[in-house]
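Here the structure comes first, spelled out in structure tokens, and everything after it is commentary.
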Amino acid sequence: MLKAGIFGTGHLGKFHLNNWKEISGIELVGFYDPNDDIAKEVSQKYQLPRFLDIDTLMDAVDIVDIVAPTTHHFALCEKAIKKGKHVFVEKPLANSMAEAQELVKLVKESDIKLQVGHVERFNPAFLAVKNIPMNPMFIEVHRLAQFNPRGTEVSVILDLMIHDIDILLSVVKSDVKSISASGVGVMTETPDIANVRIEFNNGCVANLTSSRISMKQMRKMRLFQKDAYIGIDFLNKKTEIIKLKEPQDSNVFAFDIATPSGPKTIAIANPIIPEVNAIKLELEEFRNAIINNTKTIVSEIDGMMAMDVAHQILKKIGNNSLVRG
Ligand SMILES: NC(=O)c1ccc[n+]([C@@H]2O[C@H](COP(=O)([O-])OP(=O)(O)OC[C@H]3O[C@@H](n4cnc5c(N)ncnc54)[C@H](O)[C@@H]3O)[C@@H](O)[C@H]2O)c1
């Protein structure tokens, strides 16, 4: 049995709490949250002991689950790693590149596992197409959300776009060649809306738009490659693949079109979406990595790489100050 403690039981921490309770091989020992009102509610509603001291809870567990605001990630991660505890930390890994690099170094010098909460890797819509050979040359991404003060301690790039940056880096197997970006701070002093063009060394171009000041929500990624179009709707958990029909493609909607090189049959497929709870799955996979001593699916290096691209974007936008005030 692995003992776990949650650090931060605000909006997302409560989801973690509920999911840890359902994961076999895990004993949830308690939580730490400096906010008395939140802590009171959590103690009463979930009947989970509140710890008033970070060290006492860390010393009592094997897994430190960090769901505190990003500005606290580094201090909590550093303490947990130095105590030899496995760490699950929400995205983004840290608040600055210096912090992220230091965490990568600390993990390397330790025997612990660290996973970053890039939960879209476990989104059923992404899982449905994960095994399809992907070699996209053009990617269009929209992640739009209504304004919410939660998360605004960092820019929209580190709050929302970083989800798509992590997915891009996991799909496009090539280094970033150049970035151009523009962004505007409307409700906060950091960019709340941004448009970014990333060119990769293999010629792939990704065009990303992220907003946290929109009237409607959208989380879509459209990937275009030589033989196919792959559409992933992270919000509505749907996928669509349009490609030239091959003999083995059965049970797909297909139609013929005339092309300069003769008639072609186009197939439209909607892959089966696995019925999974993404947060539960990411925590289960983290537990598995600890038990089996394997690499975590979203490692500290993945977390740092996504931050590196995010920070290059922020530099291009010309706003390097990540935290307000
Ligand atoms: N993966 C995702 O899709 C996703 C979604 C939302 C939030 N997040 C991330 O989760 C983290 C928390 O976000 P949230 O929306 O739950 O925020 P939140 O403000 O609702 O909750 C944060 C909680 O942490 C507590 N806290 C403050 N300082 C602390 C400390 N030093 N130690 C422990 N707890 C502390 C606060 O009192 C609060 O209860 C952020 O890093 C955010 O980026 C990730």
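Return the long-range amide H neighbours of Q115 (sequence gap of 5 or more, or a different chain), with a cut-off of under 5 Å between placed amide H atoms.
V87, F88, V89
For the chain, what is the charge dipole size about the Cα centre, in debye to the nearest 20, if Lys and Arg each add +1 at the Cβ and Asp and Glu each add -1 at the Cβ?
The dipole magnitude comes to about 620 debye.
Could you give the length gained on full extension between F138 and K108, defined as 0.36 nm per residue of separation minus the Cα-Cα distance, in nm?
Extra length from F138 to K108 when fully extended: 7.3 nm.
Specify which residue in the list L235, Y46, A267 is farthest towards the positive end of the charge dipole of the chain, using unit charges on the beta carbon of Lys, Arg (+1) and Asp, Glu (-1), about the Cα centre.
My answer, from the dipole projection, is A267.
Mind checking which of L160, L314, L235 has the largest fluctuation in a GNM of the chain, springs on alpha carbons under 10 Å?
L235
Kirkwood Rh over alpha-carbon pairs of the chain, then Stokes-Einstein at 4 °C and 1.567 mPa s: what D in µm² s⁻¹, rounded to an integer?
After rounding, the answer is 62 µm²/s.
Residue separation times 0.36 nm, minus the C-alpha to C-alpha distance between F224 and S250: what's the value?
Additional length available on full extension: 7.1 nm.
Taking only Cα atoms, what is the 0 to 90° angle, nearest 10, from helix 278-292's long axis to the longest principal axis of the chain?
With rounding to tens, the tilt is 70 degrees.
If you wrap a convex hull around the C-alpha atoms of the range 118-257 and split its volume per residue, what is the figure in Å³? The partial results should precede the final answer.
On the way: hull volume 18.3 nm³, N = 140.
So the per-residue hull volume is 131 Å³.
Whole number please: convex hull volume per residue, Cα atoms of the range 47-93, in Å³.
Numbers: hull volume 3.9 nm³, N = 47.
Cα-based convex hull of the range 47-93, divided per residue, equals 83 Å³.
Setting aside same-chain residues fewer than 8 positions from K45, which aspartates and glutamates have a Cα under 20 Å from its Cα?
The reachable aspartates and glutamates, counting only those whose Cα sits under 20 Å from K45, are E22, E27, D33, D36, D37, D65.
Quick one: Karplus J couplings for the range 268-274, per residue in order, coefficients 6.51, -1.76, 1.60, θ = phi - 60°, nearest Hz, x for Gly and Pro?
10, 10, 10, x, 5, 8, x
How large is the charge dipole for the range 183-297, taken about the Cα centre, if only the Cβ atoms of Lys, Arg (+1) and Asp, Glu (-1) carry charge, to the nearest 20 debye? Intermediate results must be reported in sequence, preceding the final value.
Working: 15 positive and 13 negative charges, 25 e Å.
Result for the range 183-297 is approximately 120 debye, rounded to the nearest 20.
Using the Karplus equation 6.51 cos²θ - 1.76 cosθ + 1.60 (θ = phi - 60°), what ³J(HN,Hα) coupling, rounded to whole Hz, does each residue of the range 73-79 give in order, writing x for Gly and Pro?
Listing the rounded values in order: 4, 4, 4, 5, 4, 4, 4 Hz.
Give the Kirkwood hydrodynamic radius (Å, one decimal) of the range 140-204, defined as one over the mean of 1/r across all pairs of different Cα atoms.
12.8
Given Cβ point charges of +1 (Lys, Arg) and -1 (Asp, Glu) and nothing else, what value in debye, to the nearest 20, does the dipole of the range 1-151 about its Cα centre take? Walk me through the numbers before you get to the answer.
Details: 18 positive and 19 negative charges, 65 e Å.
Dipole magnitude for the range 1-151 comes out near 320 debye.
Using the Kirkwood formula over every pair of different C-alpha atoms, what hydrodynamic radius in Å results for the range 204-325?
18.9
Taking 0.36 nm per residue of separation and subtracting the Cα-Cα distance, what length does fully extending E27 through D53 add? Provide the component values of the computation, followed by the final result.
Numbers: separation 26, 0.36 × 26 = 9.36 nm, distance 1.92 nm.
Working it through step by step, the gained length comes to 7.4 nm.
Per the Cauchy relation, a quarter of the hull surface: what is the mean projected area of the convex hull of the alpha carbons in the range 1-149, in nm²?
11.4
State, to one decimal in nm, how far the label point of K3 lies from the label point of N277, with both points 7 Å from Cα in the Cβ direction.
About 2.4 nm, to one decimal.
Separation of the range 75-101 and the range 155-171 by C-alpha centroid, Å?
Going from one Cα centre to the other spans 18 Å.
On C-alpha positions alone, give me the angle between the axis of helix 36-46 and the longest principal axis of the chain, in degrees, nearest 10.
With rounding to tens, the tilt is 80 degrees.
Collect residues whose amide H, placed 1.01 Å from N in the peptide plane, falls under 5 Å from the amide H of G30; neighbours closer than 5 in sequence don't count.
Result for G30 returns I6.
Measuring from label point to label point, each 7 Å out along Cα→Cβ, what is the T259 to K315 span in nm?
Between T259 and K315, the simple spin-label model gives 4.1 nm.
Antiparallel as a % of all DSSP beta bridges within the chain, to the nearest 5?
65
Pick out which of H11, H118, H86 has the largest mean-square fluctuation in a Gaussian network model of the chain, springs linking Cα atoms closer than 10 Å.
Taking springs between Cα atoms under 10 Å, the residue moving most is H11.
Pick from V186, V119, V107: which residue has the top mean-square fluctuation in a GNM of the chain where Cα pairs under 10 Å get a spring?
Its mean-square fluctuation being the largest, the pick is V186.
Tell me which trypsin sites (Lys or Arg not before Pro) from the range 226-325 have a DSSP coil assignment and no more than 14 other beta carbons within 10 Å of their own.
K226, K295, R324
What number, in nm² with one decimal, is the all-direction average of the projected area of the convex hull of the alpha-carbon atoms of the range 88-142?
5.9
If the cut-off is 27 Å between C-alpha atoms, which lysines fall inside it for K83, apart from same-chain ones fewer than 8 positions away?
Those lysines meeting the cut-off are K3, K14, K21, K91, K105, K108, K113, K280, K295.
Every number here is computed from the coordinates shown, using simple stated rules; none is lab data. As the structure is a prediction and not an experimental result, all values here were calculated from the model. Neighbour counts are summed over all protein chains in view; Cβ atoms, including those assigned to glycine, are modelled from backbone coordinates with ideal geometry.
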